[in-house]
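A.B. asks: Handing you a structure now.
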Amino acid sequence: MGLLTPLTEVGHKVLLSIEDDDAEYHLIKMAVDEINMAIHLLRVKDGEEAMWFLKRSHGHEIAPRPDLILLNLNLPKKNGFEVLTDLQHSESLRSIPVVMFTSTKTASERKKALALGADDFISKPNTLDELLETIKAVCSRFLA
């Protein structure tokens, strides 16, 4: 089950990474650490836990509201499309910007994600430098 999430520091933006792959999350964390912004990065590993976190239930009762969600498409228990659908059906959650951040590169999945309410769809870059630039651009756009 989930763990209690500490409250974030005042003035910090909250970035929630919904990412099941430890190596991918580590790269995202490295990129966020490189950005000169006050960002509190949090992570959940599957779509079901993501909804618990966002609805502050099942051990996430003190979870902060994210200012931005980085959402992987291929997740266990509930995929990214299902999470997007749940977010759009929640009056209190649909206003949180969501960037689909996935290794998927197909136009049809991009179109579907945007139709379901994603604010952007970004295919994960192939190099660390590209990843750093992508994360920096996303955070500057949505968290500045």
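A.B. asks: Could you list, in sequence order, the residues of the stretch 123-133 that are free of Cβ contacts under 8 Å to residues at least 24 places away in the same chain and either touching a Gly at 6+ places or on another chain (Cβ under 7 Å) or closer than 11 Å to N72 by Cα (or both)?
C.D. replies: Within the stretch 123-133, just S123 meets the criteria.
A.B. asks: Here's another thing I want to ask about it. Looking at M30, is it loosely packed, with under 15 Cβ neighbours inside 10 Å and either among the acidic types (D, E) or over 16 Å from the mean Cα position of the chain (by Cα) (or both)?
C.D. replies: Judged against the criteria, M30 is not a match.
A.B. asks: Here are D86, D46: which of them is surrounded by 15 or more Cβ atoms within 10 Å (Cβ to Cβ), in contact (Cβ under 8 Å) with a residue 24 or more places away in the chain and in contact with a helix residue (DSSP H, G or I) (Cβ under 9 Å, 6 or more places away or on another chain)?
C.D. replies: Selected residue: D86, the only one of D86, D46 that is surrounded by 15 or more Cβ atoms within 10 Å (Cβ to Cβ), in contact (Cβ under 8 Å) with a residue 24 or more places away in the chain and in contact with a helix residue (DSSP H, G or I) (Cβ under 9 Å, 6 or more places away or on another chain).
A.B. asks: Let me ask something else. Could you tell me whether any residue of the stretch 100-112 is at pLDDT below 95, part of a strand (DSSP E or B), out of contact with any helix residue (DSSP H, G or I) (no Cβ under 7 Å at 6 or more places or on another chain) and among the aromatic types (F, W, Y)?
C.D. replies: Within the stretch 100-112, one or more residues are at pLDDT below 95, part of a strand (DSSP E or B), out of contact with any helix residue (DSSP H, G or I) (no Cβ under 7 Å at 6 or more places or on another chain) and among the aromatic types (F, W, Y).
A.B. asks: Here's a follow-up. Go through the stretch 54-63 and report how many residues are at pLDDT below 95 and either surrounded by 18 or more Cβ atoms within 10 Å (Cβ to Cβ) or assigned to a strand (DSSP E or B) (or both).
C.D. replies: Count: 2.
A.B. asks: Name the pairs: first residue in the stretch 95-122 and under 26 Å from K29 (Cβ atoms), second residue small (G, A, S) and part of a loop (DSSP other than H, G, I, E, B), Cβ to Cβ under 8 Å, at least 6 apart or on different chains?
C.D. replies: What qualifies is V98/G117; V98/A118; V99/A118; M100/A118.
The values are calculated or read from the model by the stated rules, or taken from the named source; none is laboratory data. Owing to the predicted nature of the structure, the values given are computational and were not obtained by experimental measurement. Using ideal geometry, Cβ is built from the backbone for each residue, glycine included, and neighbour counts are taken over all protein chains shown.
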